[in-house]
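Report on the following structure.
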Amino acid sequence: MSFLEYLLEADARTALMERMMQKMGVERQLKVVADHAAVTSRAVDRCRSCGHQDECAAWLDETAHADHPPAYCRNSDLIARLQSVR
């Protein structure tokens, strides 16, 4: 994998994480949580190290509304915590 391919793949995974936060309705909470930058960085790292990018992209495309992310989502605990902040 070239460095450019790595960067493009990393950017795609970051976009998946952002889409998931929006789909779950927690993007605002993520932006105001204590230590926002570190929390977001760890969430991106979890998404980048996940092996379910294709399934995640399909789920995000096909799901209009959901209360919980798919079972394989490595950020499901974070999402649940952010949902409780509402």
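A few points about this structure:
- The set of residues in region 39-86 being part of a helix (DSSP H, G or I), of a type in the set (A, V, I, L, M) and out of contact with any Pro (no Cβ under 8 Å at 6 or more places or on another chain) consists of Val39, Ala43, Val44, Ala57, Ala58, Leu60, Leu78, Ala80, Leu82.
- Here Leu30 meets the list (1) in contact (Cβ under 8 Å) with a residue 24 or more places away in the chain; (2) over 16 Å from Val85 (Cα atoms) almost entirely, failing just condition (2).
- Residue in region 63-75 that is under 14 Å from Met17 (Cβ atoms), loosely packed, with under 13 Cβ neighbours inside 10 Å and of a type outside the set (Gly, Ala, Ser) present: yes
- There is no residue in region 24-33 that is under 20 Å from Ala71 (Cβ atoms), at pLDDT below 90, surrounded by 13 or more Cβ atoms within 10 Å (Cβ to Cβ) and not small (Gly, Ala, Ser).
- Of the numbered criteria (1) exposed (fewer than 12 other Cβ atoms within 10 Å of the Cβ); (2) assigned to a loop (DSSP other than H, G, I, E, B); (3) at pLDDT 90 or above, the one Met1 fails is (3).
- Within region 20-35, the set of residues being farther than 14 Å from Arg48 by Cβ and touching a helix residue (DSSP H, G or I) at 6+ places or on another chain (Cβ under 7 Å) comprises Met21, Lys23, Met24, Val26, Glu27, Gln29, Leu30, Val33.
The values are calculated or read from the model by the stated rules, or taken from the named source; none is laboratory data. Since the structure is predicted, the reported quantities are computational estimates derived from the model, not experimental observations. Here Cβ is always computed from backbone atoms with ideal geometry, including for glycine, and neighbour counts include all displayed protein chains.
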